[in-house]
Amino acid sequence: MTPDDLVLTPMGLRFRGRHYPCSVGRGGVTACKREGDGATPIGVHRIVGMLYRLDRLARPADWAVPIGPGDIWSDDPEDRHYNLMIRKPYPHSHEVLRRADPLYDLVLITDWNWPEAKPGHGSCIFLHQWRRPHYPTEGCIAFRRDHLIDIARKIQPSTRLIVRPQ
């Protein structure tokens with residue numbers, strides 16, 4: 001481990017000498033991630049992308065990509081685009097990335113079950129803004145807005161996210 005790793009601990013996420021309070025999946029953390037279990041997968045994951053709402057947020061890093069009006073994330077394990085960012089129209093199950101609420105104003109994308117997604121192992125694990133303090137996610141890791149922005153400004157592509165058993 002290095003100080004540049006994002007390390008999930010029972011007290012929050014440790015990064016560069018700071019602890020950031022965060023929420024994890026409603027199913028806790030697990031070594032056996034499955035589609036729909038609401039759990040955050042244990043392991044070493046890399047940050048492979050950063051998305052942001054250009055209309056709501058200044059670009060947090062030079063490698064961040066704006067979220068467009070038609071951008072969605074496929075979460076249908078039966079479709080060939082499973083666990084990939086694609087565009088509308090799309091007839092299969094998906095998450096809208098350009099939401100009315102601020103949850104996905106800034107999204108850090110991990111390499112969980114990516115780039116070669118295995119159906120049933122769960123779609124992408126994002127780092128995003130929380131709904132309210134410590135409110136559980138569907139498996140992602142969520143933060144206070146200012147903390148997420150601070151983290152996003154300091155990480156690099158391929159920064160490691162280490163999720164250990166709690």
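Filtered by the rule that a residue be within 12 Å of the chain's Cα centre (by Cα) and assigned to a loop (DSSP other than H, G, I, E, B), region 114-136 gives SER123, CYS124, ILE125, TRP130. Regarding region 157-166, can at least one residue be identified that is under 18 Å from ARG26 (Cβ atoms), out of contact with any Asp or Glu (no Cβ under 8 Å at 6 or more places or on another chain) and in a loop (DSSP other than H, G, I, E, B)? Checked region 157-166: at least one residue is under 18 Å from ARG26 (Cβ atoms), out of contact with any Asp or Glu (no Cβ under 8 Å at 6 or more places or on another chain) and in a loop (DSSP other than H, G, I, E, B).
In this structure, is CYS140 free of Cβ contacts under 8 Å to residues at least 60 places away in the same chain, within 16 Å of GLY25 (Cβ to Cβ) and buried (at least 20 other Cβ atoms within 10 Å of the Cβ)?
Here the answer is no, as CYS140 does not meet what is asked.
Remark: pairs (first residue in region 71-99, within 19 Å of GLY139 (Cβ to Cβ) and in a strand (DSSP E or B); second residue hydrophobic (A, V, I, L, M, F, W, C) and open to solvent by 70 Å² or more (accessible area, probe 1.4 Å); Cβ separation under 6 Å; 6+ apart in sequence or on different chains) = TRP73/MET85.
Candidates VAL44, VAL29, VAL24, VAL48: the one that is among the aliphatic types (A, V, I, L, M), at pLDDT 95 or above and open to solvent by 70 Å² or more (accessible area, probe 1.4 Å) is VAL44.
All conditions but one from (1) touching a Lys or Arg at 6+ places or on another chain (Cβ under 7 Å); (2) modelled with pLDDT of 95 or more; (3) surrounded by fewer than 18 Cβ atoms within 10 Å (Cβ to Cβ) apply to GLN129; the one that does not is (3).
If I ask for residues that are among the small types (Gly, Ala, Ser), closer than 18 Å to THR159 by Cβ and not in a strand (DSSP E or B), which ones from region 6-28 would you list? Hit for region 6-28 is GLY17, nothing else.
The values are calculated or read from the model by the stated rules, or taken from the named source; none is laboratory data. This structure is a prediction, so every number in the text was calculated from the model and none was measured. Positions of Cβ are generated from backbone atoms using ideal geometry, with glycine treated the same way; all protein chains shown enter the neighbour counts. Calculation scope for accessible area: heavy atoms of the full protein, side chains included, ligands and nucleic acids excluded. Shrake-Rupley method; radii C 1.70, N 1.55, O 1.52, S 1.80 Å.
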